[in-house]
Amino acid sequence: MVHISEREQDLPEALIAELLDIAAERKDVISLGPGEPDFITPKPILDYASKILNKSTHYSASPGKTELREAIAKKLRKENKIKCDIDNIVVGAGSQEVLFSAFLATLDVSEQVIVPTPGYLGYIPAIELVNAVPVSVPLFEENDFELNPDDLKKIIDKKKTKVILINTPSNPTGTVFSKKVLEEVADIAIENDCYIFADEAYEKIVYDKKHISVGSLEGMEDHVVTFQSFSKTYAMTGFRVGYACGPEAVIRAITKSKHYVSLAPPHVSQFLAMKALTIPNSYINKMVSEYRERRNFLVKRLNKLGLTTPMPQGAFYAFSNVKHLTSSSLEFAKKILKEAKVAVVPGTDFGRDGEGYIRFSYATKLPLIKRAMDRIERFLK
Ligand SMILES: Cc1ncc(COP(=O)(O)O)c(C=O)c1O
């Protein structure tokens, strides 16, 4: 017998996965698709692994190791200016697991989450899996894909909206929200008595603009849950460590629901995360300066080819307008894969409002980006 729930059957197949599988299998394809750093985890973190393997063969505490949660709280106070303590922190297998558990912990059936789109493809299916309702607020190229608080005001529903999700620096647009916008979103959350879930997975990958945590704004302690991750900052996607910082009662609820998903976060990875928080910033700065060089090259080249691309301020993605070339980003991405042998991600993978755009990742070595762009230039001609 095969019985698959309707909920599961409704889950979208990520187109990105299909394209990236093809790219991974075919040696002749250059991938500008990756959603993760191409760098290897910094050496001091990897070297530490052999020292702590035999100390990590058991479950850790369910919300994460005490020493790690303490170190995270210290980091958040110092670097993000968020007032918090160990009881405000829960660790999980990547920020995705913590975010999913947070939806479970805070949303009843039919309650709404406002999701700016184009946005990270992990949000909408996760909200639907807990039988809540994602409501898109569109982000516009003319506004550098930054959230317009007036658009948010128009769709927020005081009764039904429980969460406003924001992602800065953003995947797939690279936008970094300004303090002014964050302050306005904060006011809207307070007026409507709802949470802000702030996904800050790319907080350290910023170029010309400073990252600001909405959770650091005056009076927001009870309204914001901040999600951060070791995945992008330390090139540690494979180790799966992320965390949330928020009001104590919410963190306790997240811990409870997360317990029934994974019992506890991976123990060995938590030791490595603790080590990561002690290494010099130069390891991160070196990666960011390489991303910056690639970004400058890629965005200049894309614009030269007539694919209008705003300069991303953070993360490692460029988001290009291809509306003059196609009415379907998916078909266009497939064509680029087939004819130019370059894998890219169609904007529609990031929600309906991504139609007409293509995401180019620059988490790929510069010589490969150069070759990929030569191929795309030939293809466009
Ligand atoms: C915006 C954003 N948030 C969250 C995640 C999940 O990251 P992780 O679960 O590795 O912490 C990703 C992964 O690509 C992402 O792009």
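None of the figures in this text is laboratory data; all of them are computed from the coordinates on show. Keep in mind it's a predicted model, so treat the numbers as computed, not measured. Glycine also receives a Cβ, built like all others from the backbone with ideal geometry; neighbour counts cover every protein chain displayed.
Structure data summary
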{"item": "Estimated vicinal HN-Hα couplings, Hz - the stretch 96-103 in sequence order (Karplus 6.51, -1.76, 1.60; Gly, Pro = x)", "result": "4, 5, 5, 5, 4, 5, 5, 5"}
{"item": "Under 5 Å, built H, 5+ apart or other chain: amide partners of V241", "result": "G94, F230, S231"}
{"item": "Enclosed volume per residue, in Å³, of the convex hull spanned by Cα atoms of the chain", "result": "151"}
{"item": "Distance in nm between pseudo-label sites at I4 and V261 (7 Å out along the Cβ direction from Cα)", "result": "2.1"}
{"item": "R0 of 45 Å, Cβ-Cβ distance K323-A61: FRET efficiency to nearest 0.05", "result": "0.35"}
{"item": "Ranking of R292, R359 by count of other Cβ atoms within 10 Å, fewest first", "result": "R292, R359"}
{"item": "Value of relative contact order over the stretch 44-276, rounded to a whole percent, pairs C-alpha under 8 Å and six or more apart", "result": "30"}
{"item": "Pairs beyond 29 Å (Cα-Cα), from K81/K304; K209/K232; K210/K338", "result": "K81/K304; K210/K338"}
{"item": "Burial ordering of H324, H211, fewest other beta-carbon atoms within 10 Å first", "result": "H324, H211"}
{"item": "Under-5 Å amide H pairs with T117, H placed in peptide plane, nonlocal only", "result": "V137, L139"}
{"item": "Whole-Hz ³J(HN,Hα) from phi, Karplus 6.51 cos²θ - 1.76 cosθ + 1.60, for the stretch 45-62, glycine and proline x", "result": "6, 5, 4, 5, 4, 5, 6, 10, 3, 6, 8, 10, 8, 10, 4, 9, 4, 4"}
{"item": "Karplus (6.51, -1.76, 1.60) ³J(HN,Hα), θ = phi - 60°, over the stretch 240-257, in Hz, Gly and Pro reported as x", "result": "6, 9, x, 7, 10, 10, x, x, 3, 5, 5, 5, 5, 5, 4, 4, 5, 5"}
{"item": "Projected label distance in nm at L305 and E183, using a 7 Å step from Cα toward the beta-carbon", "result": "4.1"}
{"item": "Computed over the stretch 230-295: relative contact order in percent, which uses C-alpha pairs under 8 Å that are six or more apart", "result": "31"}
{"item": "Candidate lysines - alpha carbon under 18 Å from K65, same-chain residues fewer than 8 apart omitted", "result": "K51, K55, K74, K75, K256, K258, K275"}
{"item": "Interchain or long-range residues, amide H under 5 Å from G64's placed H", "result": "V91"}
{"item": "Simple label model, 7 Å out from Cα along Cβ direction - D87 to N143, nm", "result": "3.9"}
{"item": "The stretch 248-381, relative contact order [Cα under 8 Å, separation at least 6], %", "result": "20"}
{"item": "Of all DSSP beta bridges in the stretch 44-276, antiparallel share, percent nearest 5", "result": "30"}
{"item": "Cα Rg, Dmax, the stretch 76-200, angstrom units", "result": "14.2, 41"}
{"item": "Residue order, fewest to most beta carbons within 10 Å, for F271, F360", "result": "F271, F360"}
{"item": "Counted charge near A340, where neighbours are those whose Cβ lies closer than 10 Å (Asp, Glu -1; Lys, Arg +1)", "result": "+2"}
